Amino acid sequence: MGLFDIFKRRSKKDKEKREQQEQNEEQTNELQTSSSENDSQESNNDNESKYDVRTNEYQSKHNEEKDSDINNDLDNIDKASSEGVDNLASKNHSEEQEQEQEQESDKFEEGLSKSRSTFGEKLNRLFANFRSVDEDFFDDLEDTLIESDVGFDMAVNLTDQLRDEVKLQNAKNRSDVQNVIIQKMIDIYDQAGNNESTEINMAENGPTVILFVGVNGVGKTTTIGKMADKYKKDGKKVLLAAADTFRAGAIEQLDEWAKRDQVDIVKKPEKSDPSAVVYEAVHKAKEEDYDVLFVDTAGRLQNKVNLMNELSKMKKVLTREIPEAPHEVLLVLDATTGQNALNQAKLFKETTDVTGIILTKLDGTAKGGIVLAIRNELHLPVKYVGLGEKVSDLSKFDANDYVYGLFKGLIK
Ligand SMILES: Nc1nc2c(ncn2[C@@H]2O[C@H](COP(=O)(O)OP(=O)(O)OP(=O)(O)O)[C@@H](O)[C@H]2O)c(=O)[nH]1
Ligand SMILES: [Mg+2]
């Protein structure tokens with residue numbers, strides 16, 4: 001490839017990058033407008049009597065298009081969860097932990113097979129054509145990384161670093177180069193963080209409050225169902241708060257999970273004030289010594305202003321009752337949406353103190369590189385990943401497992 005070709009490639013990529021930046025800026029501006037509107041709305045809110053059930057102002061506006069989806073969701077959840085619960089019930093307690101760990105890493109590999117078969121296959125193809133580590137090889141590698149949603153900057157950065165590293169280590173054959181790539185990806189993941197823990201931050205005393213946020217359909221409610229089951233099985237006293245009072249069917253969906261996980265739930269009628277649900281739940285959690293309170297929130301209100309406004313109101317209610325609460329604000333992102341998930345994360349991060357990411361639907365995506373992009377651009381830890389719809393399809397995130405998972409079968 002001549003210099004002109006390289007120049008052409010770079011110009012095309014610079015253009016793509018500019019377009020992506022412009023798109024991000026547009027969304028950010030939109031949200032900033034929302035935030036300033038928020039401020040004025042907030043003072044009005046303070047004048048309202050605080051925990052009254054909200055009037056049905058929203059009802060006429062919205063006939064959510066997702067109603068039929070919800071029934072499907074509930075069916076899926078039913079089927080999937082009873083499978084998960086049956087499996088677990090048959091286990092003997094002493095074997096349980098070992099088996100669980102094994103299953104967890106199997107799950108990870110199983111769930112990633114889709115990501116791997118595409119991201120991995122592409123890399124495989126790249127390596128099948130491998131003759132020598134020349135500029136063409138690095139160009140193709142860069143393209144592969146961009147296609148798998150590692151993110152433009154990350155792809156260029158990673159390729160540049162790999163070029164140096166391959167030279168430095170004098171890696172010439174296929175497997176040496178593969179190993180350099182794997183190690184570099186893990187290093188970059190580690191460097192992009194601040195050594196933050198991927199563990200859930202638990203309260204020293206009293207209930208731990210975990211708020212789940214994210215746009216509609218990403219998997220908030222499902223993740224709560226999965227996590228509640230984990231904590232319950234760990235011997236914790238778990239309470240759920242159905243603070244998505246907006247979407248039709250959302251309360252029933254969480255209620256189903258509560259029943260299945262055999263945990264308690266605080267719910268109010270549809271269209272109630274979400275903060276009133278949170279208020280009641282946090283009181284109950286304190287008074288009745290619950291260990292963990294999971295708060296489900298709406299993915300969509302009438303508009304973004306209301307959504308962000310509502311989240312900050314809920315946070316205020318929580319902090320008033322427990323000063324350290326919420327102990328975690330987990331942003332749930334759908335991995336299949338690739339770069340769009342990244343944009344959502346940026347918007348939420350600007351308005352809410354997000355403490356960690358839950359990346360769902362990694363079982364269904366070819367865009368597994370998004371994990372690295374999130375880390376590189378947001379510096380937030382991915383705490384859990386969703387690997388399917390079943391109750392047991394949730395794993396703690398581990399960067400090493402993840403990167404090796406992607407390359408599994410490729411390493412000789
Ligand atoms: N394949 C797969 N599906 C998932 C995963 N997590 C959630 N889902 C599915 O995604 C769909 C939406 O999940 P919900 O939990 O309802 O999403 P939500 O964020 O609560 O959505 P709203 O309540 O509308 O804001 C459901 O069909 C879930 O079963 C996952 O890790 N993998
Ligand atoms: Mg939900």
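Any read-out appearing in this document is the output of simple, stated calculations on the displayed coordinates, not a laboratory observation. Nothing here was measured: the structure is a model prediction, and the numbers come from that model. In this analysis, Cβ positions are derived from the backbone assuming ideal geometry, glycine residues included, and neighbour counts consider all displayed protein chains.
So, R0 is 41 Å and r is the distance between the beta-carbons of Asn205 and Lys259; what FRET efficiency does that work out to, to 0.05?
Details: r = 30 Å, r/R0 = 0.72.
Rounded to the nearest 0.05, the efficiency is 0.90.
Using the structure shown, list the pairs from Lys304/Lys346; Lys107/Lys167; Lys122/Lys346; Lys236/Lys346; Lys233/Lys284 with a Cα-Cα distance above 25 Å, or answer none.
Details: Lys304/Lys346 14 Å; Lys107/Lys167 36 Å; Lys122/Lys346 29 Å; Lys236/Lys346 33 Å; Lys233/Lys284 21 Å.
Listed pairs above 25 Å: Lys107/Lys167; Lys122/Lys346; Lys236/Lys346.
Check Asp264: other-chain or 5+ apart residues with amide H under 5 Å from its amide H, H built from backbone geometry?
Val238, Leu240
If I stretch the segment between Lys233 and Asp160 completely, what's the gain in nm (0.36 nm per residue apart, minus their alpha carbon distance), one decimal?
Numbers: separation 73, 0.36 × 73 = 26.28 nm, distance 4.60 nm.
Computed gain between Lys233 and Asp160 is 21.7 nm.
For Leu126 and Asp190, compute 0.36 nm times the residue count separating them, minus their Cα-Cα distance, and round to one decimal in nm.
On the way: separation 64, 0.36 × 64 = 23.04 nm, distance 2.56 nm.
Going from the current span to full extension adds 20.5 nm.
Round to the nearest 0.05 the FRET efficiency obtained for Asp136 and Ser197 when R0 = 51 Å and r is the Cβ-Cβ distance. Intermediate results must be reported in sequence, preceding the final value.
On the way: r = 41 Å, r/R0 = 0.81.
That gives a FRET efficiency of 0.80.
Given axes a ≥ b ≥ c from the Cα gyration tensor, I'd like to know whether segment 209-272 is rounded (a/c under 1.5), prolate (a/b larger than b/c) or oblate. Show your work: numbers first, answer last.
Numbers: a/c = 1.96, a/b = 1.49, b/c = 1.32.
Judged from the Cα gyration tensor, segment 209-272 comes out prolate (a/c at least 1.5, a/b above b/c).
Mind checking the dipole of segment 105-238: about its Cα centre, +1 per Lys or Arg Cβ, -1 per Asp or Glu Cβ, Debye to the nearest 20?
Values: 18 positive and 25 negative charges, 191 e Å.
The dipole magnitude comes to about 920 debye.
Please give the FRET efficiency for Gln169 paired with His379, using the beta carbon to beta carbon distance and R0 = 30 Å, rounded to the nearest 0.05. All intermediate terms of the calculation are to be shown ahead of the outcome.
Details: r = 28 Å, r/R0 = 0.92.
Step by step, r from the Cβ atoms, then E = 0.60.
Report, by chain and number, residues whose modeled amide H sits under 5 Å from the one on Val382, excluding near sequence neighbours (fewer than 5 apart, same chain).
For Val382, whose amide H was placed from the backbone, the distant partners under 5 Å are Ile357.
So if I take the centroid of the Cα atoms in segment 260-332 and the same for segment 221-249, what is the distance between those two points in Å?
11
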